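None of the figures in this text is laboratory data; all of them are computed from the coordinates on show. Treat the numbers as computed from the prediction; the structure is a model and nothing was measured. Neighbour counts run over all protein chains shown; Cβ positions are idealised from the backbone, glycine included.
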Amino acid sequence: MLILLPPSEGKADAGTGRRLDLSRLSLPELNPAREEVLAALMALGASEAEDAALAALGLTVGQRGELARNARLDRAATAPAGQVYTGVLYEALGLATLPPGALRAARRSVLVSSGLWGAVRLTDRIPPYRCPIGARLPGVGALSAYWRRVLSPVLTAAAGGGPVLDLRSGAYAATWTPPAELAGRTVTVRVLHERRPGERTVVSHFNKATKGRLVRDLLVAGARPRTAPALIGTLRDLKYPIEEQPVTAGRPRQVDVVVTEL
């Protein structure tokens, strides 16, 4: 099973170990693209045109310190990606408290989408950075379109022959659409909050928390579904209130997780 997660805007303040070494990252086929994006991001961070650089990354004046950090990413200390990402989803996932078997499964099955790295495993050592998928970098252009051209063969190969649980948010999901032969094995999840019977809303902040808990429960349970229906059945066995949407040929299966408490 391949589990795809979005990154988090919240990141650790600093790394704790050796400097970045792209040759040590998973999915080495992405390294030429990573090098190009990294160079553009660092150049933008060092640019004297601060206002333009902030606008390119969607940052405010109060976040100008992120530019300086980006400018020295090649010299910054790194940490495992699972420690660099600190947002709501990763807090709910709780990697530090996973049992050993579940932690090994997480390291093996989880890939995190990234505007800078394309995709990384939780064990890949990266420095904290700021590079949202909506950014436009000089010489690279819109990152969503850039990675869409690069990621397709790599993630398709990473999926192997098992199911894919795609928990990426919309902007990151746009960087890779499962091809038709893989779509039937892919499950996407939407989290709905039912305030009262018949009244449902899409949640955002707690959407991430629910997805983090869902992944944690799958890992702790030692789940190894071989098909998309088996994956959906496993989620039901874990007591998640699942509602399946009609299946469309050539499109991923979509399920709704309906929560009444946040």
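At-a-glance table
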| read-out | value |
| --- | --- |
| Normalised convex hull volume, the stretch 52-108, alpha-carbon set, Å³ per residue | 126 |
| Rounded to 5, the percent of DSSP beta bridges in the chain classed as antiparallel | 50 |
| Stokes-Einstein D in µm²/s, Kirkwood radius over Cα pairs - the stretch 146-222 at 20 °C with 1.002 mPa s viscosity | 149 |
| Net charge dipole size for the stretch 92-150 [Lys, Arg +1 and Asp, Glu -1 on Cβ; Debye, nearest 20] | 100 |
| Positive minus negative residues near residue 57 (Lys, Arg vs Asp, Glu; Cβ under 12 Å) | 0 |
| Pairs of Cα atoms farther than 18 Å apart, the stretch 66-180, % | 56 |
| Computed lengthening from residue 61 to residue 157, 0.36 nm per intervening residue step minus Cα-Cα distance | 30.5 nm |
| Cα convex hull of the stretch 164-262, projected area averaged across orientations, nm² | 6.6 |
| Pairwise FRET efficiency - residue 12 versus residue 51, Cβ, R0 = 25 Å, nearest 0.05 | 0.35 |
| In nm, spacing of pseudo-spin labels at residue 245 and residue 224 (7 Å Cα→C-beta vector) | 3.2 |
| Sites residue 194 and residue 236, calculated FRET efficiency, Cβ-Cβ separation with R0 22 Å, nearest 0.05 | 0.80 |
| With eigenvalues of the C-alpha gyration tensor scaled by 5 and rooted, the chain, Å | 31, 20, 19 |
| Cβ-based net charge around residue 96, under 14 Å, with every Lys or Arg adding one and every Asp or Glu removing one | +1 |
| Computed over the stretch 1-130, the ratio Rg/Rh where both radii use C-alpha atoms and Rh is Kirkwood | 0.98 |
| Pairwise label distance in nanometres, residue 72 with residue 23, each label 7 Å out on the Cα-Cβ vector | 2.5 |
| Charge tally in the Cβ shell below 13 Å around residue 4, where Lys, Arg are +1 and Asp, Glu are -1, residue 4 excluded | +3 |
| For the stretch 203-257 and the stretch 1-33, distance of Cα centres in Å | 25 |
| Within the stretch 1-151, percent of DSSP bridges classed antiparallel, to nearest 5 | 75 |
| Trypsin sites (Lys or Arg not before Pro), loop per DSSP, at most 16 other Cβ atoms within 10 Å - longest free stretch of the chain | 73-225 |
| Partner lysines for residue 11 [C-alpha distance under 19 Å; skip if fewer than 8 residues away on the same chain] | 208, 211 |
